[in-house]
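S.K.: Sharing a structure here in structure tokens format.
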Amino acid sequence: MAQKNNAAEADSAVDAYALLDVFKIDDSNMVMVDLSYVKAGLSSVVPYPPLGSAVAEFPNIAGSNLYNLGLGYTGKIGPLNLKVEADAQAGKLENPATSEPKFEGNQIVIQGNVALDPVTIEFTLARGSGTKQPSTLVGAPGGPNVGQYINFLDVDPHYTFLYEYKTITAAGARNTGFANTTAASIGANANVSKSVNIGLDVWYLLATQKESTPLANATNDTGSPSNYVGTEVDATINWKLYDNLTWNWMLGYYKPGSAMRAPGVPNTTPGTGNIIGYGGPGTPASGSVGGSLNAVTGIQGVLSLNF
């Protein structure tokens, strides 16, 4: 069970199922295959995230059937430790209240590191698909298929600290991972003592589909839509207090790029004056970060005890 929306409605659940298999090639290399299935009942009320396309078109994805096929590799090639994950999605939003589009997203993430004692150099390359054509208004016929990759995120950051979890992304919502995002990072970490490791990563973020809502809405008043989503710098401090007790810290600074500016004229629902999916007049339109390009900062500390 992934989510239960209404105890009085039998068909209000979002159910998730996963099958994972791991094949060991040798002591240093293995491949993984996982097949996941997510079903949102017709009575469920699930805004994006965790599922959906652009908020403006699908504020509720009740009736979704989403399949995800993932292929992965973890291994060592000379001094390089490498991890690759590729995912492809299929399915359909079967709901008479929508244009019933099909899901056709994909994502690839490549991570690597090289240990150069006492420093480890690391990098990440990632691309999550976006919807190619601009999304249509709520209820409009013939809406596009959902080309945007759909994520389920857990609470522990795996890549960026702020962009994926704390602020609006190029997908137009929070907690969307690398949906409609192309990312690259370079970083390093080092053991400064037997119990303390510090690290620093710099991320460069672009929109995979800059013409997709909300980016086209956010920049079309200034000419051609921008695909520059921003730059993020993340620092980590991992402190091992005892064998089973750690105190880990993350500090982040994210500067939104020109693609995330607020538009000169808000995108509105015809006849209502309300910004689609964002509450009403005066609300920053999708694609903006608080209606401005102000930097986003954050700090998070986790004290962890393992038994």
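S.K.: Is it the case that THR169 is over 23 Å from MET260 (Cα atoms), β-branched (Val, Ile, Thr) and modelled with pLDDT under 95?
M.R.: no
S.K.: Moving on to the next point. Return the pairs, sorted by first residue and then second, in which the second residue is of a type in the set (Lys, Arg) and modelled with pLDDT of 75 or more, the first residue lies in the range 137-155 and is at negative phi, the beta carbons are less than 8 Å apart, and the residues are 6+ apart or on different chains.
M.R.: From residues that are at negative phi, the pairs are PRO144/LYS132; ASN145/LYS102; VAL146/LYS102; GLY147/LYS132.
S.K.: Another one. Output the residue which, of all residues in the range 117-133 that are of a type in the set (A, V, I, L, M) and surrounded by fewer than 21 Cβ atoms within 10 Å (Cβ to Cβ), is farthest from PRO79 (Cα to Cα).
M.R.: The extreme case among them is LEU125.
S.K.: Among the residues of the range 201-210, is any at pLDDT below 85 and either in contact with a Pro (Cβ under 7 Å, 6 or more places away or on another chain) or not polar (S, T, N, Q) (or both)?
M.R.: Checked the range 201-210: at least one residue is at pLDDT below 85 and either in contact with a Pro (Cβ under 7 Å, 6 or more places away or on another chain) or not polar (S, T, N, Q) (or both).
S.K.: Here is a further query. Determine the pairs where a residue that is under 27 Å from ASN81 (Cα atoms), located within the range 13-31, has a partner that is among the aromatic types (Phe, Trp, Tyr) and exposed (fewer than 11 other Cβ atoms within 10 Å of the Cβ) with Cβ atoms under 6 Å apart, the partner being 6 or more residues away or on another chain.
M.R.: Once the first residue is under 27 Å from ASN81 (Cα atoms) and sits in the range 13-31, its partners that are among the aromatic types (Phe, Trp, Tyr) and exposed (fewer than 11 other Cβ atoms within 10 Å of the Cβ) give VAL31/PHE23.
S.K.: Another question, then. Quick check, is ALA126 in contact with a helix residue (DSSP H, G or I) (Cβ under 8 Å, 6 or more places away or on another chain) and at pLDDT 85 or above?
M.R.: The answer is no for ALA126.
S.K.: Does any residue of the range 221-230 turn out to be among the hydrophobic types (A, V, I, L, M, F, W, C) and at pLDDT 90 or above?
M.R.: Within the range 221-230, one or more residues are among the hydrophobic types (A, V, I, L, M, F, W, C) and at pLDDT 90 or above.
S.K.: Within the range 29-55, how many residues turn out to be at pLDDT below 90 and more than 15 Å from THR176 (Cα to Cα)?
M.R.: Number satisfying all stated conditions: 8.
S.K.: For the range 71-78, state whether one or more residues are of a type in the set (A, V, I, L, M) and either at pLDDT 80 or above or closer than 29 Å to GLU122 by Cα (or both).
M.R.: The answer is yes, given that some residue of the range 71-78 is of a type in the set (A, V, I, L, M) and either at pLDDT 80 or above or closer than 29 Å to GLU122 by Cα (or both).
The values are calculated or read from the model by the stated rules, or taken from the named source; none is laboratory data. Please read all numbers here as calculations on a predicted model, not as lab measurements. Every residue, glycine as well, gets a Cβ built from its backbone with ideal geometry; the counts of neighbours run over all protein chains shown.
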